[in-house]
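Report on one structure; see the data block that follows.
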Amino acid sequence: MTDNINVISYKCFAITNELDLNKIAILCGIPKKYTWEEPLILKSDILASILGITVKANQMVHVFSFGSVVFINLSQDDYSHFMKYIESIKPDIDVKNYSAFSDDFELRIGNVDSLELTDSFASIPEYEPFYSELVAMIIAKSTALERIEFSLEPILDKLDSIIERLEKGKLHIGEKELAENIVNYMQKAKLRINTKKFVSSISHMARFQYNAIKSFSIFERNYTLNRNTNSKSFYSILCHYYEIDDRNSILESKIDQINRLISSHTTLSYNREEMRLLLFECVLLAMFSLPHLVDFKAFFR
(Lines give C-alpha, C1' and ligand atoms only; values in the text may rest on other atoms or scores of the structure.)
Protein backbone atom coordinates (compact mmCIF):
# COMPACT_ATOMS: atom_id res chain seq x y z
CA MET A 1 0.00 0.00 0.00
CA THR A 2 1.49 3.35 -0.99
CA ASP A 3 1.76 6.40 1.25
CA ASN A 4 -0.85 8.38 -0.66
CA ILE A 5 -3.64 5.99 0.37
CA ASN A 6 -5.64 6.79 3.48
CA VAL A 7 -7.48 3.92 5.17
CA ILE A 8 -10.61 4.00 7.34
CA SER A 9 -11.20 0.74 9.23
CA TYR A 10 -14.61 -0.53 10.35
CA LYS A 11 -15.56 -3.21 12.85
CA CYS A 12 -19.22 -4.11 13.27
CA PHE A 13 -21.02 -6.19 15.92
CA ALA A 14 -24.71 -7.15 15.93
CA ILE A 15 -25.31 -7.39 19.67
CA THR A 16 -29.09 -7.30 20.16
CA ASN A 17 -32.46 -6.93 18.42
CA GLU A 18 -33.06 -3.31 19.33
CA LEU A 19 -31.25 -0.36 20.89
CA ASP A 20 -32.95 2.75 22.24
CA LEU A 21 -30.91 5.50 20.64
CA ASN A 22 -32.77 8.28 22.41
CA LYS A 23 -31.99 6.79 25.80
CA ILE A 24 -28.29 6.59 24.93
CA ALA A 25 -28.38 10.13 23.52
CA ILE A 26 -29.89 11.50 26.73
CA LEU A 27 -27.24 9.80 28.85
CA CYS A 28 -24.56 11.24 26.56
CA GLY A 29 -26.03 14.72 26.78
CA ILE A 30 -26.95 14.87 23.10
CA PRO A 31 -29.95 17.23 22.61
CA LYS A 32 -31.49 15.44 19.63
CA LYS A 33 -34.47 13.20 19.02
CA TYR A 34 -33.50 10.18 16.91
CA THR A 35 -35.79 8.31 14.55
CA TRP A 36 -35.36 4.65 13.58
CA GLU A 37 -33.84 5.57 10.23
CA GLU A 38 -30.66 7.30 11.43
CA PRO A 39 -27.75 6.11 13.55
CA LEU A 40 -26.48 7.70 16.72
CA ILE A 41 -22.92 8.84 15.99
CA LEU A 42 -20.64 9.16 19.01
CA LYS A 43 -17.34 10.98 18.63
CA SER A 44 -15.02 13.62 20.11
CA ASP A 45 -15.44 14.42 23.82
CA ILE A 46 -18.59 12.32 24.21
CA LEU A 47 -16.88 9.17 22.94
CA ALA A 48 -13.75 10.02 24.92
CA SER A 49 -15.78 10.14 28.15
CA ILE A 50 -17.22 6.69 27.41
CA LEU A 51 -13.96 5.00 26.39
CA GLY A 52 -11.66 6.87 28.76
CA ILE A 53 -9.17 7.68 26.00
CA THR A 54 -8.16 10.61 23.84
CA VAL A 55 -10.31 10.33 20.72
CA LYS A 56 -8.96 11.46 17.36
CA ALA A 57 -11.06 13.23 14.74
CA ASN A 58 -11.31 10.09 12.58
CA GLN A 59 -12.47 7.83 15.44
CA MET A 60 -16.17 7.32 16.13
CA VAL A 61 -18.94 4.81 16.86
CA HIS A 62 -22.18 4.43 14.88
CA VAL A 63 -25.03 2.90 16.93
CA PHE A 64 -28.07 1.61 15.02
CA SER A 65 -31.59 1.11 16.36
CA PHE A 66 -31.70 -2.47 15.00
CA GLY A 67 -28.92 -3.57 17.35
CA SER A 68 -25.69 -3.12 15.40
CA VAL A 69 -22.68 -1.10 16.55
CA VAL A 70 -19.95 0.00 14.12
CA PHE A 71 -16.53 1.11 15.39
CA ILE A 72 -14.44 3.32 13.12
CA ASN A 73 -10.66 3.38 13.56
CA LEU A 74 -10.85 1.96 17.09
CA SER A 75 -9.17 -0.95 18.88
CA GLN A 76 -10.21 -4.22 20.52
CA ASP A 77 -9.92 -2.63 23.97
CA ASP A 78 -12.25 0.14 22.82
CA TYR A 79 -14.82 -2.43 21.64
CA SER A 80 -14.86 -4.17 25.02
CA HIS A 81 -15.02 -0.91 26.95
CA PHE A 82 -17.94 0.36 24.87
CA MET A 83 -19.85 -2.92 25.23
CA LYS A 84 -19.64 -2.65 29.00
CA TYR A 85 -21.06 0.85 28.70
CA ILE A 86 -23.96 -0.42 26.56
CA GLU A 87 -24.56 -3.23 29.03
CA SER A 88 -25.07 -0.63 31.77
CA ILE A 89 -27.90 0.80 29.64
CA LYS A 90 -29.31 -2.50 28.33
CA PRO A 91 -28.45 -5.26 30.86
CA ASP A 92 -29.83 -8.13 28.77
CA ILE A 93 -26.97 -7.84 26.27
CA ASP A 94 -24.60 -10.82 26.32
CA VAL A 95 -21.36 -8.87 26.62
CA LYS A 96 -19.20 -12.00 26.89
CA ASN A 97 -20.33 -13.10 23.43
CA TYR A 98 -20.77 -9.72 21.75
CA SER A 99 -18.45 -10.75 18.91
CA ALA A 100 -20.61 -13.73 17.84
CA PHE A 101 -21.91 -11.75 14.84
CA SER A 102 -19.31 -9.40 13.42
CA ASP A 103 -17.76 -8.06 10.24
CA ASP A 104 -14.68 -6.08 9.16
CA PHE A 105 -14.27 -3.61 6.35
CA GLU A 106 -11.90 -0.93 5.07
CA LEU A 107 -12.46 2.19 3.01
CA ARG A 108 -9.31 3.07 1.07
CA ILE A 109 -9.01 6.57 -0.36
CA GLY A 110 -6.75 7.43 -3.27
CA ASN A 111 -4.61 5.71 -5.89
CA VAL A 112 -7.64 4.64 -7.98
CA ASP A 113 -9.62 6.33 -10.75
CA SER A 114 -12.98 4.77 -9.87
CA LEU A 115 -14.69 2.67 -7.25
CA GLU A 116 -13.21 -0.77 -6.62
CA LEU A 117 -14.91 -3.27 -4.32
CA THR A 118 -13.68 -6.50 -2.73
CA ASP A 119 -14.75 -8.75 0.15
CA SER A 120 -12.79 -6.74 2.69
CA PHE A 121 -12.42 -3.21 1.33
CA ALA A 122 -13.63 -0.54 -1.08
CA SER A 123 -11.28 1.86 -2.84
CA ILE A 124 -12.46 5.33 -3.90
CA PRO A 125 -10.65 8.15 -5.76
CA GLU A 126 -11.44 10.83 -3.19
CA TYR A 127 -13.29 11.03 0.10
CA GLU A 128 -16.79 12.34 0.71
CA PRO A 129 -18.57 11.92 4.10
CA PHE A 130 -21.40 9.81 2.69
CA TYR A 131 -18.96 7.02 1.79
CA SER A 132 -18.11 6.36 5.42
CA GLU A 133 -21.72 6.70 6.55
CA LEU A 134 -22.95 4.21 3.97
CA VAL A 135 -20.19 1.68 4.59
CA ALA A 136 -21.09 1.74 8.30
CA MET A 137 -24.79 1.38 7.49
CA ILE A 138 -24.44 -1.52 5.06
CA ILE A 139 -22.12 -3.64 7.21
CA ALA A 140 -24.44 -2.89 10.15
CA LYS A 141 -27.41 -4.19 8.14
CA SER A 142 -25.54 -7.22 6.84
CA THR A 143 -24.36 -8.23 10.31
CA ALA A 144 -27.82 -7.73 11.79
CA LEU A 145 -29.24 -9.91 9.01
CA GLU A 146 -26.71 -12.60 9.85
CA ARG A 147 -27.94 -12.54 13.44
CA ILE A 148 -31.57 -12.90 12.34
CA GLU A 149 -30.68 -15.69 9.89
CA PHE A 150 -28.91 -17.57 12.67
CA SER A 151 -31.86 -17.19 15.06
CA LEU A 152 -34.18 -18.68 12.42
CA GLU A 153 -32.24 -21.95 12.11
CA PRO A 154 -33.30 -23.55 15.43
CA ILE A 155 -36.92 -22.70 14.64
CA LEU A 156 -36.65 -24.51 11.33
CA ASP A 157 -35.03 -27.47 13.09
CA LYS A 158 -37.87 -27.65 15.63
CA LEU A 159 -40.44 -27.67 12.85
CA ASP A 160 -38.75 -30.43 10.84
CA SER A 161 -40.61 -33.13 12.76
CA ILE A 162 -43.92 -31.34 12.18
CA ILE A 163 -43.22 -31.24 8.44
CA GLU A 164 -42.53 -34.98 8.47
CA ARG A 165 -45.77 -35.65 10.33
CA LEU A 166 -47.74 -33.58 7.86
CA GLU A 167 -46.13 -35.33 4.91
CA LYS A 168 -46.86 -38.78 6.37
CA GLY A 169 -50.31 -37.87 7.62
CA LYS A 170 -49.32 -38.64 11.22
CA LEU A 171 -51.34 -36.06 13.08
CA HIS A 172 -52.45 -38.26 15.99
CA ILE A 173 -51.82 -37.43 19.63
CA GLY A 174 -50.76 -40.11 22.10
CA GLU A 175 -53.25 -41.55 24.58
CA LYS A 176 -51.43 -40.18 27.59
CA GLU A 177 -51.38 -36.70 26.13
CA LEU A 178 -55.01 -36.98 25.08
CA ALA A 179 -55.95 -37.95 28.66
CA GLU A 180 -54.06 -34.94 29.96
CA ASN A 181 -55.87 -32.76 27.46
CA ILE A 182 -59.26 -34.10 28.52
CA VAL A 183 -58.53 -33.48 32.20
CA ASN A 184 -57.28 -30.02 31.35
CA TYR A 185 -60.38 -29.40 29.26
CA MET A 186 -62.77 -30.55 32.00
CA GLN A 187 -61.00 -28.66 34.80
CA LYS A 188 -60.26 -25.39 33.07
CA ALA A 189 -62.71 -25.38 30.17
CA LYS A 190 -59.72 -25.03 27.87
CA LEU A 191 -58.74 -27.00 24.80
CA ARG A 192 -55.06 -27.87 24.73
CA ILE A 193 -54.49 -28.14 20.99
CA ASN A 194 -50.83 -28.87 20.52
CA THR A 195 -48.00 -30.88 21.91
CA LYS A 196 -45.41 -29.16 24.09
CA LYS A 197 -42.94 -29.33 21.26
CA PHE A 198 -45.32 -27.62 18.87
CA VAL A 199 -46.27 -24.96 21.42
CA SER A 200 -42.56 -24.35 21.98
CA SER A 201 -42.08 -23.94 18.23
CA ILE A 202 -44.91 -21.43 18.04
CA SER A 203 -43.45 -19.53 20.98
CA HIS A 204 -40.03 -19.37 19.35
CA MET A 205 -41.60 -18.31 16.06
CA ALA A 206 -43.61 -15.57 17.74
CA ARG A 207 -40.51 -14.29 19.49
CA PHE A 208 -38.56 -14.37 16.23
CA GLN A 209 -41.26 -12.43 14.39
CA TYR A 210 -41.50 -9.89 17.19
CA ASN A 211 -37.74 -9.30 17.06
CA ALA A 212 -37.74 -9.18 13.26
CA ILE A 213 -40.51 -6.57 13.27
CA LYS A 214 -38.51 -4.46 15.70
CA SER A 215 -35.58 -4.71 13.28
CA PHE A 216 -37.55 -3.75 10.16
CA SER A 217 -35.40 -0.63 9.67
CA ILE A 218 -32.61 -2.95 8.52
CA PHE A 219 -34.31 -3.07 5.12
CA GLU A 220 -35.15 0.61 4.75
CA ARG A 221 -33.12 3.21 2.91
CA ASN A 222 -31.44 5.85 5.02
CA TYR A 223 -31.96 9.61 5.02
CA THR A 224 -28.39 9.98 3.63
CA LEU A 225 -29.60 8.76 0.24
CA ASN A 226 -31.63 11.89 -0.31
CA ARG A 227 -28.48 13.97 -0.63
CA ASN A 228 -27.11 13.15 -4.08
CA THR A 229 -26.97 10.64 -6.91
CA ASN A 230 -23.49 9.40 -5.97
CA SER A 231 -24.67 8.28 -2.53
CA LYS A 232 -27.60 6.38 -4.05
CA SER A 233 -25.32 4.66 -6.53
CA PHE A 234 -22.78 3.69 -3.85
CA TYR A 235 -25.56 2.43 -1.59
CA SER A 236 -27.03 0.27 -4.38
CA ILE A 237 -23.61 -1.20 -5.21
CA LEU A 238 -22.93 -2.12 -1.57
CA CYS A 239 -26.45 -3.54 -1.12
CA HIS A 240 -26.02 -5.72 -4.18
CA TYR A 241 -22.56 -6.84 -3.07
CA TYR A 242 -23.81 -7.85 0.38
CA GLU A 243 -27.03 -9.30 -1.13
CA ILE A 244 -29.16 -7.32 1.33
CA ASP A 245 -32.36 -7.46 -0.75
CA ASP A 246 -31.95 -11.14 -1.69
CA ARG A 247 -31.31 -12.18 1.91
CA ASN A 248 -34.34 -10.18 3.02
CA SER A 249 -36.53 -11.92 0.42
CA ILE A 250 -35.28 -15.36 1.53
CA LEU A 251 -36.05 -14.56 5.16
CA GLU A 252 -39.53 -13.34 4.31
CA SER A 253 -40.15 -16.50 2.28
CA LYS A 254 -39.01 -18.77 5.13
CA ILE A 255 -41.17 -16.93 7.65
CA ASP A 256 -44.16 -17.17 5.32
CA GLN A 257 -43.64 -20.92 4.88
CA ILE A 258 -43.42 -21.44 8.62
CA ASN A 259 -46.57 -19.40 9.19
CA ARG A 260 -48.47 -21.51 6.66
CA LEU A 261 -47.17 -24.70 8.25
CA ILE A 262 -48.16 -23.60 11.74
CA SER A 263 -51.61 -22.55 10.52
CA SER A 264 -52.18 -25.86 8.71
CA HIS A 265 -50.96 -28.01 11.59
CA THR A 266 -52.98 -26.06 14.15
CA THR A 267 -56.17 -26.42 12.12
CA LEU A 268 -55.70 -30.14 11.45
CA SER A 269 -54.66 -30.91 15.03
CA TYR A 270 -57.57 -28.91 16.39
CA ASN A 271 -60.10 -30.70 14.19
CA ARG A 272 -58.74 -34.12 15.11
CA GLU A 273 -58.67 -33.49 18.84
CA GLU A 274 -62.08 -31.82 18.75
CA MET A 275 -63.44 -35.03 17.23
CA ARG A 276 -61.79 -37.11 19.96
CA LEU A 277 -63.24 -34.92 22.67
CA LEU A 278 -66.65 -35.18 21.05
CA LEU A 279 -66.37 -38.99 21.11
CA PHE A 280 -65.23 -38.85 24.71
CA GLU A 281 -68.27 -36.74 25.63
CA CYS A 282 -70.52 -39.26 23.87
CA VAL A 283 -68.95 -42.04 25.94
CA LEU A 284 -69.54 -40.04 29.12
CA LEU A 285 -73.16 -39.47 28.16
CA ALA A 286 -73.61 -43.17 27.44
CA MET A 287 -72.04 -44.11 30.77
CA PHE A 288 -74.25 -41.59 32.55
CA SER A 289 -77.40 -42.97 30.87
CA LEU A 290 -76.64 -46.67 31.48
CA PRO A 291 -77.68 -46.76 35.19
CA HIS A 292 -80.97 -45.07 34.30
CA LEU A 293 -81.66 -47.68 31.63
CA VAL A 294 -80.96 -50.46 34.15
CA ASP A 295 -83.32 -48.87 36.69
CA PHE A 296 -85.96 -48.44 33.99
CA LYS A 297 -85.85 -52.14 33.04
CA ALA A 298 -85.98 -53.17 36.69
CA PHE A 299 -89.10 -51.06 37.21
CA PHE A 300 -91.09 -53.10 34.66
CA ARG A 301 -90.03 -56.50 35.95
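The values are calculated or read from the model by the stated rules, or taken from the named source; none is laboratory data. Note that the structure is a prediction, hence the values are computed from the model and not measured. Counting neighbours? That spans all protein chains shown, and the Cβs are built from the backbone with ideal geometry, glycine included.
Laid out as a table, the results:
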{"read-out": "Every pair of residues 6+ apart whose Cβ atoms lie under 8 Å, when the first sits in the stretch 49-63 and is assigned by TED's automatic domain parsing to the domain that holds residue 24 and of a type in the set (S, T, N, Q) while the second is at pLDDT 95 or above and part of a strand (DSSP E or B)", "value": "58/8; 58/72; 59/43; 59/72"}
{"read-out": "Residue under evaluation residue 249, criteria (1) at pLDDT 55 or above; (2) closer than 21 Å to residue 105 by Cβ, criterion not met", "value": "(2)"}
{"read-out": "In the stretch 100-140, the residues that are in contact with a Leu (Cβ under 7 Å, 6 or more places away or on another chain) and among the β-branched types (Val, Ile, Thr)", "value": "124, 135, 138"}
{"read-out": "Filter result for the condition that a residue is farther than 18 Å from residue 71 by Cα and of a type in the set (Val, Ile, Thr), over 155, 138", "value": "155"}
{"read-out": "Members of the stretch 100-122 that are hydroxyl-bearing (Ser, Thr, Tyr) and at pLDDT below 95", "value": "114, 118, 120"}
{"read-out": "Filter pass, residue 142 being part of a helix (DSSP H, G or I), of a type in the set (Gly, Ala, Ser), modelled with pLDDT of 90 or more and surrounded by fewer than 18 Cβ atoms within 10 Å (Cβ to Cβ)", "value": "no"}
{"read-out": "Selection count where residues are more than 25 Å from the chain's Cα centre (by Cα) and not aliphatic (A, V, I, L, M), scope the stretch 82-127", "value": "13"}
